[in-house]
Amino acid sequence: MRVLAIETSCDETSASVVEMVEDRFDVLSLVVRSQVVHEEFGGIVPELAARAHVEVIYDVVRKSLEDAGVRPESLDLVAATKGPGLAASLIVGVQFAKTVALAVGRPFVGVNHLIGHVYSAYLTDPDLRPPFLTLIVSGGHTELVWVEDWYSFRLLGHTLDDAAGEAFDKGGRTLGLGYPAGPKIDRLAREGNREFHRFPKPKIKRRGYYFSFSGLKTALLHYVRQKGEDFVKENLHHIAASYQEAIVSHLLEVVERAVRELDPPRLAVVGGVALNSRLREIFTERFGDRVLFSDPKYCTDNAAMIGAAGLKKYELFGEDGQGVGVYPYLGVVEP
Ligand code: KG4
Ligand code: ZN
């Protein structure tokens, strides 16, 4: 089974050709074009994102087929991210994928972006099998998911406000770092003292595995205002290190409790924030070989993970057909 997959849920236009042989995935090509138009706005502008997808999608798809050495006629399936994400951006990918499917007379499936992130773990470790625990940490989501089976998921907890990536991005804006700030904070923090300032620990009343980051973001804002511009500039790497430490410690604390209580055979950490070097360090210290981080090329949004999830979905449930739409607010467990 061979799929052409398209991902356009946010600010990456991506296409990939993936093959599945007996529950193993082989990525034949992966093209990712990141949009730069948003940098000057400090966040993603939905209309600009959709327009940028339209401009490059044909080239991105053509290149993915060329790189894989595959002609459209030899595809078995076409897949695209159907949600969650920005509505106008999702429409570009889904419409394009449906059109390719129609043109070559192949089935189409719409793929849940969050399930795609879970599948990045299978791309990283071909021997991984359910059940396992997954922490999805991205710009838009922070979710703790129990993977019961290939396509059966239980949402154990999620953020009650901002996502972990959002905490990096919004904190970065406060520090004048530009978007996306996660990689920049990560880099600055390597030279900084993480005990320079102790940010307050998030307090969560709700029982379960929940996260909260908006208090941290506000604490940083107050701290920066109180200390003034010169102080912040002078101590930027220390502040970045302390702020990053607060984010990753909170993630660790909640996940550690889940691991203790549920004793999963493996713990997968996926999504853009799984690239964070301090997160990798403390999770490895705590969980050793049990933890599996997505390969860096599959952490941030990419179509290979969508292709893998699409292949499995098609195998288990068949095609969606041309009637499927886009679902901007989809959760990992679909209604
Ligand atoms: O998974 P992703 O590409 O997009 C979403 O589905 O949201 O994640 C992007 C997020 C951004 O918030 C970005 O700041 C964050 O991942 N990120 C990082 C690092 N690299 C990317 N956060 C912390 N440390 C990093 N090294
Ligand atoms: Zn994502």
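Just to be sure before I move on: is Glu66 part of a helix (DSSP H, G or I) and over 21 Å from the mean Cα position of the chain (by Cα) in the structure I sent?
For Glu66, the condition - part of a helix (DSSP H, G or I) and over 21 Å from the mean Cα position of the chain (by Cα) - is met.
Taking Gly178, is it away from ligand 2 (no atom under 14 Å from the Cβ), in a loop (DSSP other than H, G, I, E, B) and of a type in the set (Gly, Ala, Ser)?
Taking the combined requirement at face value, the residue satisfies it.
Pro180 versus (1) modelled with pLDDT of 95 or more; (2) crowded, with 18+ Cβ neighbours inside 10 Å: which is the lone unmet condition?
The single condition Pro180 does not satisfy is (1).
Residues in the range 147-185 that are touching a Lys or Arg at 6+ places or on another chain (Cβ under 7 Å) and closer than 30 Å to Phe25 by Cβ: how many?
Qualifying residue count for the region: 3.
Residue by residue, here is whether (1) aromatic (Phe, Trp, Tyr); (2) within 16 Å of ligand 1 (Cβ to nearest atom); (3) surrounded by fewer than 20 Cβ atoms within 10 Å (Cβ to Cβ) holds:
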position: Leu4; (1), (2), (3): no, no, no
position: Ser9; (1), (2), (3): no, yes, no
position: Val21; (1), (2), (3): no, no, yes
position: Phe25; (1), (2), (3): yes, no, no
position: Arg33; (1), (2), (3): no, yes, yes
position: Ala87; (1), (2), (3): no, yes, yes
position: Gln95; (1), (2), (3): no, no, yes
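Output the residues belonging to the range 69-85 that are within 16 Å of ligand 2 (Cβ to nearest atom) and either in a helix (DSSP H, G or I) or buried (at least 24 other Cβ atoms within 10 Å of the Cβ) (or both).
Matches in the range 69-85: Ala79, Ala80, Thr81, Lys82, Gly85.
When the range 260-317 is examined, which residues are found to be away from ligand 2 (no atom under 16 Å from the Cβ) and either acidic (Asp, Glu) or within 14 Å of Glu7 (Cα to Cα) (or both)?
If the condition is that a residue be away from ligand 2 (no atom under 16 Å from the Cβ) and either acidic (Asp, Glu) or within 14 Å of Glu7 (Cα to Cα) (or both), then Glu261, Asp263, Glu281, Glu285, Asp289, Glu315 are the ones that fit.
Where residues in the range 136-162 are free of Cβ contacts under 8 Å to residues at least 60 places away in the same chain and either in contact with a Gly (Cβ under 7 Å, 6 or more places away or on another chain) or polar (S, T, N, Q) (or both), which of them is farthest from ligand 1 (Cβ to nearest atom)?
This residue is Ser152.
Please work out which one of (1) away from ligand 2 (no atom under 16 Å from the Cβ); (2) under 12 Å from Phe168 (Cβ atoms); (3) surrounded by fewer than 21 Cβ atoms within 10 Å (Cβ to Cβ) is the condition Glu229 fails and give its number.
Just one mismatch for Glu229, condition (2).
Please specify each residue of the range 270-296 satisfying the condition of being closer than 22 Å to Asp127 by Cβ, part of a helix (DSSP H, G or I) and either outside the structural domain of Val137 (by TED's automatic domain parsing) or near ligand 1 (Cβ under 10 Å from one of its atoms) (or both).
Ala274, Arg280, Pro296
Each row is one residue, and each column tells you yes or no for (1) modelled with pLDDT under 95; (2) in the same structural domain as Glu40 (by TED's automatic domain parsing); (3) of a type in the set (A, V, I, L, M).
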residue	(1), (2), (3)
Asp161	no, no, no
Phe168	no, no, no
Gly172	no, no, no
Arg187	no, no, no
Arg194	no, no, no
Lys201	yes, no, no
Arg206	yes, no, no
Phe213	no, no, no
Leu220	no, no, yes
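Which residue is farthest from Leu316 (Cα to Cα), if the candidates are limited to the range 110-128 and must be under 20 Å from the mean Cα position of the chain (by Cα) and away from ligand 1 (no atom under 16 Å from the Cβ)?
Asp125
Could you check how many residues of the range 138-161 are within 15 Å of ligand 2 (Cβ to nearest atom) and either surrounded by fewer than 19 Cβ atoms within 10 Å (Cβ to Cβ) or in a loop (DSSP other than H, G, I, E, B) (or both)?
5
If I go through the range 169-186 residue by residue, how many of them are in contact with a Gly (Cβ under 6 Å, 6 or more places away or on another chain) and under 16 Å from His222 (Cα atoms)?
The number of residues fulfilling the criteria is 1.
Do we find that Leu28 is assigned to a helix (DSSP H, G or I) and not assigned by TED's automatic domain parsing to the domain that holds Gly176 in this structure?
For Leu28, the condition - assigned to a helix (DSSP H, G or I) and not assigned by TED's automatic domain parsing to the domain that holds Gly176 - is not met.
Answer yes if at least one residue in the range 251-268 is buried (at least 21 other Cβ atoms within 10 Å of the Cβ) and closer than 30 Å to Val92 by Cβ, and no otherwise.
The answer is yes; a qualifying residue exists.
Quick check on Asp320: is it in contact (Cβ under 8 Å) with a residue 24 or more places away in the chain, surrounded by 24 or more Cβ atoms within 10 Å (Cβ to Cβ), part of a loop (DSSP other than H, G, I, E, B) and of a type outside the set (Val, Ile, Thr)?
Considered against the rule, which asks whether it is in contact (Cβ under 8 Å) with a residue 24 or more places away in the chain, surrounded by 24 or more Cβ atoms within 10 Å (Cβ to Cβ), part of a loop (DSSP other than H, G, I, E, B) and of a type outside the set (Val, Ile, Thr), Asp320 comes out as no.
The values are calculated or read from the model by the stated rules, or taken from the named source; none is laboratory data. Predicted, not measured: the structure shown is a model, and the values here were computed from it. Here Cβ is always computed from backbone atoms with ideal geometry, including for glycine, and neighbour counts include all displayed protein chains.
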